[in-house]
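Here is the structure we will look at.
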Amino acid sequence: MMAKYTIEYTTQFRRHKQSNHYFTDDPVTCEEFLSELLERGITITAIKHDGVDLAQNEFDGLVKTAAAMLASRHICASLGLKPEEEKYRFGFTA
């Protein structure tokens, strides 16, 4: 059975690129993994749902949510805030 979400990403070494795939059925887990990729500056080449590339606006929406999750984590860590307070003060997703 095919996973609902597939994230294709590339890791870069000095002289080599390595294509990788991450599979999950959970949309929240998909967003969390995208957030981890963004944090590490890893190239995201495609996001697929049920084997089909997402439309540009859906792709952008997932990346935007993942970026908000990343921002929230960094704000909480840097300012010593709880996620609820961060959401109230800054409005990012916890």
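The values are calculated or read from the model by the stated rules, or taken from the named source; none is laboratory data. Keep in mind it's a predicted model, so treat the numbers as computed, not measured. Note that each Cβ is placed from the backbone with ideal geometry, even for glycine, and that neighbours are counted across all protein chains shown.
Within the stretch 2-35, the residues that satisfy the criterion of being surrounded by 15 or more Cβ atoms within 10 Å (Cβ to Cβ) and of a type outside the set (Asp, Glu) are Ala3, Lys4, Tyr5, Thr6, Ile7, Tyr9, Tyr22, Thr24, Cys30, Phe33, Leu34, Ser35.
Identify, please: which residue in the stretch 40-76 is of a type in the set (Gly, Ala, Ser) and touching a helix residue (DSSP H, G or I) at 6+ places or on another chain (Cβ under 7 Å) and is, among those, farthest from His16 (Cα to Cα)? Ranking the qualifying residues of the stretch 40-76, first place goes to Ser72. The combined condition, being among the acidic types (Asp, Glu), assigned to a helix (DSSP H, G or I) and on the phi < 0 side of the Ramachandran plot, is not fulfilled by Glu8.
Please work out which residue is surrounded by the most Cβ atoms within 10 Å (Cβ to Cβ), limiting yourself to the stretch 55-94 and to residues that are modelled with pLDDT under 95, assigned to a loop (DSSP other than H, G, I, E, B) and hydrophobic (A, V, I, L, M, F, W, C). Filtering the stretch 55-94 for residues that are modelled with pLDDT under 95, assigned to a loop (DSSP other than H, G, I, E, B) and hydrophobic (A, V, I, L, M, F, W, C), the one surrounded by the most Cβ atoms within 10 Å (Cβ to Cβ) comes out as Phe92. Taking the conditions exactly as written (within 13 Å of the chain's Cα centre (by Cα) and surrounded by fewer than 11 Cβ atoms within 10 Å (Cβ to Cβ)), does Gly51 satisfy them or not? Against the criterion (within 13 Å of the chain's Cα centre (by Cα) and surrounded by fewer than 11 Cβ atoms within 10 Å (Cβ to Cβ)), Gly51 does not qualify.
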